[in-house]
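Chemist: First the structure, which I've put down as structure tokens, then a few questions once you've had a look.
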Amino acid sequence: MSETRTAAELDQEAAVRRLMEDYYREGKPPWDTDVTPPELVALVEGPDALTPGRALELGCGTGTNAVYLARHGWRVAAVDLVDRAVRQAREKADAAGVDVTVLCADVTRLDEAGVPGPYDLFFDLSCYCGIPAHRRDGYVTGLTHRAAPGARLLMFGYAPEAFGDPISGVTADELRARFTGWRLIDVTPGTNEVPTAWFTLRRDGAAAM
Ligand SMILES: C[S@@+](CC[C@H](N)C(=O)[O-])C[C@H]1O[C@@H](n2cnc3c(N)ncnc32)[C@H](O)[C@@H]1O
């Protein structure tokens, strides 16, 4: 299906892409800590751990968490917009000796990415909150079409007041309104100096493939 985008929307997408490319070009971005967050560890190794299945990481950066999931028995695909990050993620997976499919693609256009799913787990560590508003429905559609029944989405995001343009932020109300067919089952405030939160959503019903 063809898309019609206004000049302002194209500018906004280009600005986010440029910002991300600049971060990776300049070296190790500030978010690239090599540490898997305890919220993901709890979901994978905690008392109510999910059974390993298929996972898709959105905006995987240099792949720390995709590698973590693969090490814990998940079949993992991971997507990022920036080829420099994708190359590093592939190297990290190779160095760890795990099989992760890392693709350079736009998470709001997953039909172009070759990640058919279905997935039991989606993981997004601060990607969605930077996606321009006009691309967010594309993100939701992509996940919804690839979600196994009962699939989880674990997302960390900055609140809108944390940063200015082109980072837009995310709220629980926005996720509730946008993720039709999903239930927001947990919101836990983050521990950052600026407002952040961890969101858990669950896909209800059958996979819409
Ligand atoms: C704040 S960084 C976080 C990276 C990684 N999750 C981490 O925590 O190390 C956001 C990531 O999302 C990627 N990204 C932003 N918009 C994207 C899009 N539309 N499609 C795919 N990746 C995107 C960026 O290139 C960047 O790697």
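Chemist: Counting other Cβ atoms within 10 Å, which chymotrypsin sites (Phe, Trp or Tyr not before Pro) in region 104-188 have at most 16 and lie in a DSSP loop?
Modeler: Values: sites: 119, 122, 123, 128, 139, 156, 158, 163, 179, 182; in loops: 163, 179.
Filter output for region 104-188: 163.
Chemist: How many nm is it between the label spots at residue 173 and residue 111, if each spot is 7 Å from the Cα in line with the beta carbon?
Modeler: So the two model labels end up 3.2 nm from each other.
Chemist: Would you mind ranking 131, 185 so that the residue whose beta carbon has the fewest other beta carbons within 10 Å leads the list?
Modeler: On the way: 131 26, 185 11.
Ordered by Cβ neighbours within 10 Å, fewest first: 185, 131.
Chemist: Now for a different question. Figure the gain on full extension for residue 18 and residue 75 (residue separation times 0.36 nm, minus the Cα-Cα span) and round it to one decimal in nm. Mind showing how you got there, number by number?
Modeler: Working: separation 57, 0.36 × 57 = 20.52 nm, distance 3.06 nm.
Once the chain is fully extended between residue 18 and residue 75, it gains 17.5 nm.
Chemist: Shifting gears a bit: For region 1-38, which GluC sites (Glu not before Pro) are both in a DSSP coil and crowded by at most 13 other Cβ atoms within 10 Å?
Modeler: Values: sites: 3, 9, 13, 21, 26; in loops: 3, 26.
Loop-located and lightly packed - 3, 26.
Chemist: Work out from phi, with θ = phi - 60° and the Karplus expression 6.51 cos²θ - 1.76 cosθ + 1.60, the ³J(HN,Hα) of each residue of region 34-47, listed in order in whole Hz, and give x for Gly and Pro.
Modeler: In residue order, the calculated couplings are 6, 10, 7, x, x, 5, 6, 4, 4, 5, 9, 10, x, x Hz.
Chemist: Would you please classify the overall shape of region 13-99 from the alpha carbon gyration tensor, given that a ≥ b ≥ c denote the square roots of the eigenvalues, rounded means a/c under 1.5, and beyond that prolate means a/b larger than b/c while oblate covers the rest?
Modeler: Prolate, since a/c reaches 1.5 and a/b exceeds b/c.
Chemist: What fraction of the DSSP beta bridges in the chain is antiparallel, stated in percent and rounded to the nearest 5? Show your work: numbers first, answer last.
Modeler: Values: 14 of 34 bridges.
Close to 40 percent.
Chemist: Another one. For labels at residue 28 and residue 91 in the simple 7 Å Cα→Cβ model, what's the distance in nm?
Modeler: Result for the modelled spin labels: 1.3 nm.
Chemist: When the helix-only estimate is applied to the chain (DSSP H runs of n ≥ 4, each -39,500 (n - 2.57), divided by the residue count), what is the mean residue ellipticity at 222 nm, nearest 500 deg cm²/dmol? If you can, show how the numbers build up before the last one.
Modeler: Values: 6 runs with 67 residues, N = 209.
Taken over the chain, the calculation gives -9500 deg cm²/dmol.
Chemist: How many percent of Cα pairs in the chain exceed 25 Å? Intermediate values should be presented prior to the final figure.
Modeler: Working: 7263 of 21736 pairs.
More than 25 Å apart: 33 percent of the Cα pairs in the chain.
Chemist: Name the long-range amide H neighbours of residue 81: under 5 Å, sequence gap of 5 or more, or other chain; modelled H, no Pro or chain starts.
Modeler: Amide H neighbours of residue 81: 105.
Chemist: Taking 0.36 nm per intervening residue step and subtracting the Cα-Cα distance, what contour gain separates residue 83 from residue 200 on full extension? Can you show the working numbers first?
Modeler: Working: separation 117, 0.36 × 117 = 42.12 nm, distance 2.82 nm.
Gain on extension, residue 83 to residue 200, equals 39.3 nm.
A short reminder: the numbers here are calculations on the coordinates, not readings from a lab. Just so you know, these numbers come straight off a predicted model, no measurement behind them. Neighbour counts are summed over all protein chains in view; Cβ atoms, including those assigned to glycine, are modelled from backbone coordinates with ideal geometry.
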